[in-house]
Amino acid sequence: MRVHHARGPKLPYKSCIPEKNIFICESMAYQWLAQAGICACGITSHFYRIIENIDPIQHLPHPKIKFVKDENSPTAILSDYILNMKELNWINYYEKRMQNFVDDLNTVYKVLVQHSSVHSRNMTIVEEDLKRATWIDFNRAQTFSQELTERNMTPPKGEMDKTRQYYG
């Protein structure tokens, strides 16, 4: 479960494109991915639900008491825990795994979700399964209601290449 500090209502003069509220970005992305069947394929973790208006007082004592002082109630995204999940690094890097990440990212883009944070810290693997490549941390993701343009369909220039060069 990922808990987010709530930002409160959007001010009328603030632009909504691109969305910057990390809870909205991540929750919308997971909802779209789950609806499209992407979560069930193992490309991302399974998404269960969002939780809004959490009362942190009910969960005391807890080390994260900083939520108690927030002006707005915290929110959370409930997803599954992947056993033996590890961040991609130069020790567990294989070219086939990297190709799986690229293919999976293209699948995510086809359902009108742009990850927007293509970094190795968001690429996870399960060491026992060389085929499994899981994308996490969609808190910067952008969702689109219509067909993606060529510009929106590809990661920012060089992001995937930089990641590949780091491990290659």
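Derivation of every value follows stated rules applied to the coordinates shown; laboratory data play no part. Quick caveat, the model's predicted, so the values are computed rather than measured. Using ideal geometry, Cβ is built from the backbone for each residue, glycine included, and neighbour counts are taken over all protein chains shown.
For this structure, a couple of remarks:
- Summed side-chain charge close to R97 - residues other than R97 whose Cβ falls under 9 Å, Lys, Arg +1, Asp, Glu -1: +2
- Set K20/K131; K66/K96; K20/K69; K66/K131 screened for pairs whose C-alpha atoms are more than 31 Å apart: K20/K131; K66/K96; K66/K131
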